[in-house]
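The values are calculated or read from the model by the stated rules, or taken from the named source; none is laboratory data. As the structure is a prediction and not an experimental result, all values here were calculated from the model. A quick note on method: Cβ atoms are made from the backbone with ideal geometry, for glycine too, and the neighbour counts reach across all protein chains shown.
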């Protein structure tokens, strides 16, 4: 493909504690996996002839605070990308990068990268003539995002150009990217109606392509159990096509009771695996943990209702199909509450915050 640039999103650089270790240099292993994927995206961009890597928001994870053990390896990586690879890197502000609800240079943690030659941080809406890209950072209200897109379109018009020669990149919710979430973001159809050649959106952690050349970029890697089943990776964007490259970092997966042993071993090796047993004895739980370890998992979570050792239960070799916590909450709200989707949205937001705390 004739490449124009690469795109990563939602890296959420952080000293993740679950299933992590610290190497001899003090680098968190899961942070290392994410940095490696950004490096891989940059190298593939260069190999394909691209000269710019775009990041469409949420480079960092902890709002309002970046640990030195996260910031310093990040600075080292981005210095290598701009010096050794000769890339330009443009970093859009996402909600996790910000200390406040709306984007500003003063409250954007990514601004700490601006001192590196070749790094451009986008804290306010910006147009880049070299690759005809419009970038709009995070704003808490969708109407504010719409206003900034309209302003950028006016700027394009004043240049005597039309939108379909430009690409829009933003950080915002898009309906239909994640199953089970109520429609409280942009529709892909609305974004397509602006008339841009393509639209690339960060925020939701799943890659998806919509009609009208609208794309949810997806997260760079899996980060929590909330990412089970999502597509993580990065994009290589050419004049005529968009190529999604799957992340090679460990994934969060659920053990499937339909897998045979050979398939289970293949799926589990090198990943973080969750298994649901329902009621189980300590021996059942221990046996499954040992089996997962034998299959080469990097970390496991076995969810079960413990039974006494003396209980006479049939040993389970499969996973329970019990509903997830999100499914249970959604079902309860639908059956017992008149608040409907707004309450489900609030509950999902609370669960997202709880999962992001990374105990």
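Here is how the numbers come out for the structure above:
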item: Matching residues, segment 277-301, being surrounded by 15 or more Cβ atoms within 10 Å (Cβ to Cβ) and assigned to a loop (DSSP other than H, G, I, E, B); result: 295, 297, 298
item: Only listed residue being closer than 22 Å to residue 99 by Cα and either under 28 Å from the mean Cα position of the chain (by Cα) or without any contact (Cβ under 8 Å) to a residue 60 or more places away in the chain (or both), chosen from 130, 164, 155, 140; result: 140
item: Of all residues in segment 59-72 being in contact with a helix residue (DSSP H, G or I) (Cβ under 6 Å, 6 or more places away or on another chain) and under 16 Å from residue 34 (Cα atoms), the one that is surrounded by the fewest Cβ atoms within 10 Å (Cβ to Cβ); result: 66
item: Failed condition for residue 4, given (1) within 22 Å of residue 137 (Cα to Cα); (2) at pLDDT below 95; (3) out of contact with any strand residue (DSSP E or B) (no Cβ under 6 Å at 6 or more places or on another chain); result: (3)
item: Tally of residues being without any contact (Cβ under 8 Å) to a residue 60 or more places away in the chain, within 15 Å of residue 138 (Cβ to Cβ) and assigned to a loop (DSSP other than H, G, I, E, B) across segment 56-72; result: 3
item: Any hit, segment 290-298, residues being within 21 Å of residue 206 (Cβ to Cβ) and either without any contact (Cβ under 8 Å) to a residue 40 or more places away in the chain or touching a helix residue (DSSP H, G or I) at 6+ places or on another chain (Cβ under 8 Å) (or both); result: no
item: Identity of the residue in segment 90-126, touching a strand residue (DSSP E or B) at 6+ places or on another chain (Cβ under 6 Å) and in a loop (DSSP other than H, G, I, E, B), that ends up surrounded by the fewest Cβ atoms within 10 Å (Cβ to Cβ); result: 114
item: Selection within segment 143-152 - over 25 Å from the mean Cα position of the chain (by Cα) and crowded, with 17+ Cβ neighbours inside 10 Å; result: 152
item: Residue in segment 196-209 that is outside any loop (DSSP other than H, G, I, E, B), in the same structural domain as residue 156 (by TED's automatic domain parsing), in contact (Cβ under 8 Å) with a residue 60 or more places away in the chain and farther than 30 Å from residue 147 by Cα present; result: no
item: Pick from segment 265-276, criterion crowded, with 19+ Cβ neighbours inside 10 Å and outside any strand (DSSP E or B), ranking: farthest from the chain's Cα centre (by Cα); result: 268
item: Test: residue in segment 220-236 that is farther than 22 Å from residue 16 by Cα, at pLDDT 95 or above and in the same structural domain as residue 150 (by TED's automatic domain parsing); result: yes
item: Candidate set from segment 16-29 (those that are surrounded by 16 or more Cβ atoms within 10 Å (Cβ to Cβ) and touching a residue at least 24 places away in the same chain (Cβ under 8 Å)); member that is farthest from residue 113 (Cα to Cα); result: 19
